[in-house]
């Protein structure tokens, strides 16, 4: 389906789910939205759960995070476990921004292990369009990969992130990095004691910043499209 169709049709579902959660769930329930368009569906859900903790309404970009780690590991010929501080900014869509600016491989900067042409020209679109590539190759979606990513997302959120590392989560923006407050946006986060904190004050290159704003704009446009469901 086209994204615009998904916005309207799935948006109605998440409006109803939000009302059901608000009426029946524990007030500190932790929510991870997977159904696409995941970030805006999470926003719709959040707007329909006024009695729940809005911080606890999140969307899944851990799948993109995991895919990005795999792509870097394959390029750098290293183990997945060697990579830390991968980062996905923005929307779970083709405007997402996989970013290796702070990634490390065995403690060394990933940017020293791969060339800029690959990290900016090949890596970003490969990760962003990986879901479509899987469907083209398999004839069906990557549902198992998404399910595994949900487990990773909740595991990190509840049990914490390792020292010296972070994960990517789409969470309600608090205005960090100049992103409009309230939209569900993917940030690097650290988790501890069942809560998360956005990693602050990372210097952002002009190249990455431009792409971050493009993803923000897409999310704002999506939010405006579904105003009737809020």
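Working only within the stretch 52-77, note down all residues that are within 21 Å of residue 152 (Cα to Cα), in a loop (DSSP other than H, G, I, E, B) and free of Cβ contacts under 8 Å to residues at least 40 places away in the same chain.
Correct list: empty.
Taking strands (runs of 3 or more DSSP E) that do not extend beyond the stretch 162-230, which have at least 2 residues that are modelled with pLDDT of 95 or more, within 21 Å of residue 55 (Cα to Cα) and out of contact with any strand residue (DSSP E or B) (no Cβ under 8 Å at 6 or more places or on another chain)?
In the stretch 162-230, there are no strands (runs of 3 or more DSSP E) which contain 2 or more residues that are modelled with pLDDT of 95 or more, within 21 Å of residue 55 (Cα to Cα) and out of contact with any strand residue (DSSP E or B) (no Cβ under 8 Å at 6 or more places or on another chain).
Do we find a residue being over 25 Å from residue 44 (Cβ atoms), surrounded by 12 or more Cβ atoms within 10 Å (Cβ to Cβ) and at pLDDT 95 or above anywhere in the stretch 128-141?
no
Let's see how each residue does on (1) within 18 Å of residue 36 (Cα to Cα); (2) out of contact with any helix residue (DSSP H, G or I) (no Cβ under 9 Å at 6 or more places or on another chain):
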residue: 145; (1), (2): yes, no
residue: 148; (1), (2): yes, no
residue: 159; (1), (2): no, yes
residue: 180; (1), (2): no, no
residue: 184; (1), (2): yes, no
residue: 200; (1), (2): no, no
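For residue 40, all conditions in the list (1) free of Cβ contacts under 8 Å to residues at least 60 places away in the same chain; (2) closer than 30 Å to residue 126 by Cα; (3) part of a helix (DSSP H, G or I) hold save one; what is the number of the exception?
(1)
Consider residue 16 carefully, then state whether it is crowded, with 17+ Cβ neighbours inside 10 Å, over 21 Å from residue 187 (Cβ atoms) and not assigned by TED's automatic domain parsing to the domain that holds residue 203.
No: the conditions fail for residue 16.
The values are calculated or read from the model by the stated rules, or taken from the named source; none is laboratory data. Predicted model, so just to flag it, every value in this text is computed and none were measured. Please note: Cβ atoms are built from the backbone with ideal geometry, for glycine as well, and neighbour counts cover all protein chains shown.
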